[in-house]
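Report on the following structure.
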Amino acid sequence: MNDECLADYKYYFSERFNLFKGDSRQVLPLMKDNSIDSVVCDPPYELGFMGKSWDSTGIANDVQLWKEVLRVLKPGGHLLAFSGSRTYHRMAVAIEDAGFEIRDQIMWVYGSGFPKSHNISKGIDKAAGAEREVVGETRKGAQSESTGRYGAWGDGITPTAPATAAAKQWQGWGTALKPAHEPIVLARKPFEGTIANNVLTYGVGGINIDGTRVGSEIVSVHHAPKGTFAGGEPDRGSDTSTYENHIGRFPANFIHDGSDEIVALFPDTTPSKAAPRKGTNPNPMDWGNERADGNIIKGHNDLGGSAARFFYCAKASKRDRNEGLDGFEAKRDHDGRADGGVGGDNPRNRTNDAKLNYHPTVKPTDLMQYLCRLITPPNGTILDPFLGSGSTGKAAMYEGFNFVGIELTQEYLPIAKARIEFALANLDEKLF
């Protein structure tokens, strides 16, 4: 890094993580080429979220910003960046135009999103000055009488009936769907030569498949003379060796939150069967039998159930958001407008209650840990050009990585620093 120039943007430096205060478009050009192993970030969705100025700057769609990210990444280094369903295409194109290779799209699917659809029938009656008849008891969390939007903050909602003929015609019509996913672009910096040479030269270029497998079932057990295994180091102290393959299921480009709404979308399935090497799926009656080549035929150690178990489930801790913020002042991050909020980070982020961590788009640390682990080599350095309240940095600490974060908004930096420091001081702490 250009330490002398970067000092102007320094917020906090330590052995494990460095935080900068400023615009990433000004800070990144001062960083050295090929100095970062991976980028995991949650950029602004460019939707004007809750009237926040930082969500309407255009930075997430700025090709020059992503060119700087590309420059500081090592050849073959990966980028993961969240976006909104309405604006993902613009960010993905900007990332591609900057020189990245788009490798995939990961879907983060959740059941916590609140519909914010405008009720057309109510809008028609309001424009006509017609008073609607109350037809039910007041309840919270339904459709707002004043705005026609769902998931509104504030007092209870009183259901009403259409008053005009036009309103009756358009009863039940709205303007938006319930948000239930956020796409994540997976991109890679191009490299020359072979992937094998690149990972040996720069230490990056691959995806940590085994480190992010879903579950830990024993797929097969092998017995053979020592020195004959392709899948693991044999036991040198005996004439024969046993190798149990604890691989779990291959990670997918689909991640969910385990909520009832999402799990209900999946069918129930019977226990899956694994094939021995160079074989076909065995009959369950053969599981446990030894083959002529020494393999023990064995299937996945699960009992069946929802097919949601085939995909990674990121759990959101109730205390995750505020860990490390003892002594901070609880604040509200919005003015309580009924139409505030888009996208689906977490339901507890969309209330008007005062919070210690009042950043409005906090991602679960468990989710960020999984993403960091997916693309970052051991002891690698992760960059987040959109630090926010520090969820990526906190995840990086738990996973044993180093971290560089950049944040434009001064008020979020103390929160991010405290959360990251909490993770460093509680590496053995279970979040759930």
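A short reminder: the numbers here are calculations on the coordinates, not readings from a lab. The structure presented is a predicted model; accordingly, all values stated were derived computationally and were not measured. Neighbour counts are summed over all protein chains in view; Cβ atoms, including those assigned to glycine, are modelled from backbone coordinates with ideal geometry.
A few points about this structure:
- Leu200-Asp23 pseudo-label distance in nm [points 7 Å out on the Cα-to-Cβ vector]: 4.4
- Gain upon complete extension [Ala425, Gln171; 0.36 nm per residue less C-alpha separation]: 85.9 nm
- Annotation: amide H of Phe386 within the under-5 Å range of Asp42, Ile406, sequence separation 5 or more or interchain, hydrogens built in the peptide plane.
- 24 Å Cα-Cα threshold exceeded, pairs from Lys67/Lys417; Lys10/Lys67; Lys10/Lys417; Lys10/Lys32: Lys67/Lys417
- Karplus (6.51, -1.76, 1.60) ³J(HN,Hα), θ = phi - 60°, over region 68-78, in Hz, Gly and Pro reported as x: 5, 4, 4, 5, 7, 6, 6, x, x, x, 9
- Interchain or long-range residues, amide H under 5 Å from Asp104's placed H: Leu186
- Projected label distance in nm at Glu101 and Phe254, using a 7 Å step from Cα toward the beta-carbon: 2.6
- Across region 411-421, computed HN-Hα scalar couplings (Karplus, 6.51 cos²θ - 1.76 cosθ + 1.60, θ = phi - 60°) run 5, 8, 4, x, 5, 4, 4, 5, 5, 5, 5 Hz from first to last residue, x flagging Gly and Pro.
- Inter-label distance, nm, simple model (7 Å from Cα along the C-beta direction), Leu47/Lys32: 3.9
- Residue-by-residue Karplus 3J(HN,Hα) for region 101-113, coefficients 6.51, -1.76, 1.60, Hz, glycine and proline x: 9, 6, 9, 5, 10, 9, 9, 9, 10, 9, x, 9, x
- Exposure proxy shown here: for Asp125, Asp260, the number of other Cβ atoms within 10 Å sets the order, fewest to most, as Asp260, Asp125.
- FRET efficiency, 1/(1 + (r/R0)^6) with R0 41 Å, evaluated for Leu6 and Thr164 via beta carbons: 0.05
- As a calculated quantity, the FRET efficiency between Glu133 and Arg86 at R0 = 41 Å, using C-beta atoms, amounts to about 0.70.
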